[in-house]
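Below: the structure, in structure tokens.
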Amino acid sequence: MALSRAERCLALLLRLVSRACLALLALAARAAAAAAPAAAPGGPGLRAVPPPRRALLLLSARQLARRIRARQVTCVEAVEAYIERIKEVNPLTNAVVKDRFQEALEEARQVDELLSEGPADESLEEKFPFLGVPITVKEAFSLHGMPNTSGLVSRRNVIATSDATVVSRLKQAGAIPLGVTNCSELCMWYESSNRVYGRTNNPYDLQRIVGGSSGGEGCVLAAACSVIGVGSDIGGSIRMPAFFNGVFGHKPTTGVVPNDGQFPNARGVRTNFLCTGPMCRYAEDLEPMLRVMAGPGVRKLKLDEKVSLEKIKFHCMDHDGGSVFVSPVDKEILQVQKKVVEHLEGELGIQVQRVAIHKMKYSFQIWSAMMSSKDSDGQEAQLFTDLLGDHGKPVWPLWELMKWLVGMSSHTFPAIALGLTEKLVKLNPGGNAKLVSMGKSLQAEMETLLGPDGVLLYPSHPTVAPKHHSPLCMPFNFAYTAIFNVLGLPVTQCPLGLSSEGLPLGIQLVAAAYNDHLTLTVARYLEKAFGGWVFPGKA
């Protein structure tokens, strides 16, 4: 399916408009910096957050829970260590937007009292696999007593009166929430910034983005302010932050983990694309988190099956084929993916098959068309402008753009731009129908390629973490993650060390539906081979 002249012109126009807006934002930032009387927190030369000093912060959730159960460390000590770390780092990153430290300490004391009653046994681990483990939650999810705005100014007074299903399950498993973390406005942009809480900064370079929409989660994990976290993903909102922040993130097979209790939730056809999943610093925590979050739905997966790495059929694709809508893949991302291939072939004695899936070149167009299509009952996808109005009057994007230009809009520019572009998508129903058909064909092609024992290696994003506002220049780079949402495939983002600039590198591991166990196994293997998470500020 060749690009039409109109599509090429649209791509060029969008780039020009984005760059013009970026230039305006840069001028505004310079003016604000010139007028600012004081330096940024941490000193004028600070680039990354300081490394964690306490060994307790470097344990996986499973290791920490084991030590707490064995009474080698008290739960209060663990929670206090994380609270201290958040207070040290959060003035730099702005990732935790509301804390519940006092409640967390009280819950920690209750855990210690429970353990003081007698020695822990196996049943305690089975019942409370995350007993006493500190956790953070994306602000878009309901956490009792915490705000639930999703960065929307009109919801700034909304306080959750219950827990989202996955949050409730993790609390029942013994996890202790420390607070909620920042996201992009209405969770539909890949820089976590909004008019309620402001912008979150990357712990490896404070001048760069953390990704979105689960950007606050990726940031707190990377900065050792939390060890496990809750994220959601409809276009890469777990995997992009996990990649930009050098941690693990898993988008499960569609329909396995419940999405209840988040705002905005999916409606219509988008219920087939939105996924809630785990984000962690250590690969060994992904599977137990997925088991808890999925609840009875875990029966759909094959997590108890033993996986032989030598029997996995690995496939590799270096890029999407050259879409005009996205950036070329960075050299260092290609190099580290090549190292993964060489390691697998050298250590496992297998051959990684290089593939070129032609339809991947149209990932952004397919995602966009399928996101705006009708469901099987003919129900229209909910308009983003309706969500911006939050059950009130729909927002007029052009009017909001005019207000934004004079600093009077309560919405971010990316949210306004999305409202404008969704109008354009509906101008070509015939083309959208063809793209939806192409998406279904691509899904069948991918399922056939991967089969019961296949894993695809694919870039998590075409670039390392961009500088603030830079995504406006190439707004569709999220296509590298988004395509797998509409295909319904499980994907694990796996960190692969740091670039020459000290920024995280990584890779997506993709399997056929319900084969999450394959990508999770490969993630654990690559963590051992490439080192996994590397803390910020490491010399």
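The values are calculated or read from the model by the stated rules, or taken from the named source; none is laboratory data. Please read these numbers as outputs of a predicted model, since none were measured by experiment. Glycine also receives a Cβ, built like all others from the backbone with ideal geometry; neighbour counts cover every protein chain displayed. Please note that ligands, DNA and RNA were not included when accessible areas were found on the heavy atoms of the full protein model with its side chains. Shrake-Rupley method; radii C 1.70, N 1.55, O 1.52, S 1.80 Å.
Quick notes
- Residues of type lysines that K374 reaches as a straight line, Cα spacing below 30 Å, ignoring anything fewer than 8 places off in the same chain: K138, K251, K300, K359, K361, K393, K423, K426, K434, K440
- For segment 150-300, fraction of C-alpha pairs farther apart than 28 Å, in %: 12
- Net charge of neighbours whose Cβ lies under 15 Å from the Cβ of E345, counting Lys and Arg as +1 and Asp and Glu as -1: +2
- Net charge dipole size for the chain [Lys, Arg +1 and Asp, Glu -1 on Cβ; Debye, nearest 20]: 1300
- Between segment 180-201 and segment 333-412, the alpha-carbon center distance in angstrom: 16
- Accessible area of the chain belonging to carbon and sulfur atoms, whole % at 1.4 Å probe: 55
- Virtual spin-label span in nm between E342 and S116, 7 Å along Cα→Cβ: 5.7
- Filtered GluC sites (Glu not before Pro), segment 346-438: DSSP coil and at most 16 other beta carbons within 10 Å: E380
- In terms of its C-alpha gyration tensor, the chain has a rounded overall shape, because the principal axis ratio a/c (a ≥ b ≥ c, square roots of the eigenvalues) stays below 1.5.
- Ranked packing of 157-167, 56-66, most packed first, by mean Cβ within 10 Å: 56-66, 157-167
- Accessible surface calculations at 1.4 Å, restricted to protein heavy atoms, place the chain at 40 Å² per residue.
- Rounded to whole numbers, the Karplus 3J(HN,Hα) couplings from phi for segment 316-321 are 9, 9, 6, 7, 7, x Hz, using 6.51 cos²θ - 1.76 cosθ + 1.60 with θ = phi - 60°, and x at Gly and Pro.
- Burial order of peptide ranges 100-113, 188-201, 452-465 (average beta-carbon count within 10 Å, highest first): 188-201, 452-465, 100-113
- Net charge contributed by nearby residues that have their C-beta within less than 11 Å of M371 (K/R +1, D/E -1): 0
- Computed packing ranks the peptides 266-279, 241-254, 315-328 as 241-254, 266-279, 315-328, most packed first, by mean other Cβ atoms within 10 Å.
- Neighbour-limited loop hits for trypsin sites (Lys or Arg not before Pro), segment 418-469 (at most 16 other Cβ within 10 Å; DSSP other than H, G, I, E, B): K426
- Spin-label pair K311/Q353, simplified geometry with 7 Å Cα→Cβ offset, distance in nm: 1.8
- Span-rule helices in the chain, defined as complete DSSP H runs reaching 20 Å or more along the axis (Cα) with Kyte mean at least -1.0: 5-35, 75-93, 101-116, 331-348, 429-450, 516-530
- In straight-distance terms, cross-link reach from K467 covers every one of the lysines whose alpha-carbon lies under 19 Å from its own, apart from those fewer than eight places away in the same chain; here that gives K331.
- Ellipsoid fit via the Cα gyration tensor, segment 453-496: semi-axes of 23, 13, 7 Å, each the root of five times an eigenvalue, largest first.
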